[in-house]
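Working notes, beginning with the structure itself.
Computed from the coordinates by the stated procedures, all read-outs in this text should not be read as laboratory data. Values in this document were obtained by computation on a predicted structure and should not be read as measured data. Note that we place each Cβ from the backbone using ideal geometry, even for glycine, and neighbour counts take in every protein chain shown.
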Amino acid sequence: MSEAKEASLSPETVLAEMKKGGITHVVWLPDSETNWLYLLMKADPSLTLVAVPREGLAFSCAAGIYVGGGKPIILIQNTGLMESGDSMRGWTMGLNIPVVMMVGYRGYTRHGVNKDTAATYTERFLNAFNIQYYLVEHGSDAPRISVAFEEAQKTKRPVAILVGDEYHGFNR
Amino acid sequence: MIAMEEMLKVFQQHRGDAIVVSGRANRHWDKISTRPNRDLALGDPAMGGHASFALGLALAQPKRKVIVFDSEGDLQMSLGVLAMIAEQKPKNFYHFLLDNECYATTGGQPVPNAKAMAYDTIAKGCGYPTAYAYNNLESFSVNVGRILSEGGPTLIAIKILPEIENTPIGQRAPRLRRTKEQGIADLRAELGVSH
């Protein structure tokens, strides 16, 4: 395995963080690189996968899961996050729902030149809603996922994990 | 078309111990319900989300019936939720769709294609095992008990008389008896949810 591969955020690491966080339901819409994670989650009997046809529905569904005693996580891409603004506001912030959203950071180039407006507006969007977020680029960043779980629980608000290795993260 | 209040009085007779997400029916339901701690009135957190919220609740509480009073305006905003619900196949999920053919809270403007929509047909096409449509109280009254005794997910589309409001939202009297936060806390306590 190359150093680059060793450093990437593996789907096994993400799943381990989810289980450590006590996640019961994954509310999600696939993005471009989540297939390996999907296969792992599907094979895990402790997780219920809830597919949404549009990301806004993920926030209302996650709120219902939480009210019913489950522990949801939302797994979407930044494009869908921006589509979900009103739902995130009303169904999670407005109802004090602690939930972590893992957001594929499409277009993120670290220190490179950004050519994708999806990336341009992602952090601005989160800042507009005063949503705390953590950037995860490599496997060594994975403990930030646990930090996000703790913060969501403590603040009763949504907290975002930006997966800044979208074109390699969750992949093999 | 059926008066919402009359429909809810009939429903109440068959409600049992089901959790009720009262949605846009809350204006009448909170005066009719006899189990307020199993009711959840959330106002309008963001339009189009009540059904998916109730789905989440049903998935987290699979041994309890969950009933949602949705509206056709909400459903038109997120028709894909029908596929989402059908895929999960929650046997404890009962989707009451109150169809007044308009946006009553904004003055009564018609929803798109208001009179020609067949929501029961759409639900079946999305994979709901059963779906029904009612346009008079008598047939609803005869059937609602049986429907609630069968497994879900099921959609019950009901033509409802519009109760149109024109006063600005800021001038309307508050409808929720409890805050949303208190309603959630009360329901979670009722369900024994502690975390």
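Some notes on this structure:
- In the set B:156, B:164, B:160, B:169, only one residue is β-branched (Val, Ile, Thr) and exposed (fewer than 10 other Cβ atoms within 10 Å of the Cβ); that residue is B:169.
- Hits in region B:1-28 - residues which are in a helix (DSSP H, G or I) and within 19 Å of residue B:136 (Cα to Cα): B:4, B:5, B:6, B:7, B:8, B:9, B:10, B:11, B:12, B:25, B:28
- Scanning region A:124-140 for residues that are under 19 Å from residue A:78 (Cα atoms) and over 14 Å from the mean Cα position of the chain (by Cα), we see that the one that is surrounded by the most Cβ atoms within 10 Å (Cβ to Cβ) is A:125.
- Consider region B:61-79 and keep the residues that are within 17 Å of residue A:68 (Cβ to Cβ) and surrounded by 24 or more Cβ atoms within 10 Å (Cβ to Cβ). The one that is farthest from the other protein chains (Cβ to nearest Cβ) is B:67.
- Selected residue (only one of B:57, B:42, B:82 is within 14 Å of another protein chain (Cβ to nearest Cβ) and free of Cβ contacts under 8 Å to residues at least 60 places away in the same chain): B:57
- Whichever residue in region A:129-156 is charged (D, E, K, R) and assigned to a helix (DSSP H, G or I) and, among such residues, is farthest from residue A:59 (Cα to Cα): A:141
- In region A:7-106, counting only helices (runs of 4 or more DSSP H) that sit wholly within it, the ones holding 2 or more residues that are within 14 Å of chain B (Cβ to nearest Cβ) and farther than 24 Å from residue B:191 by Cβ span A:78-83.
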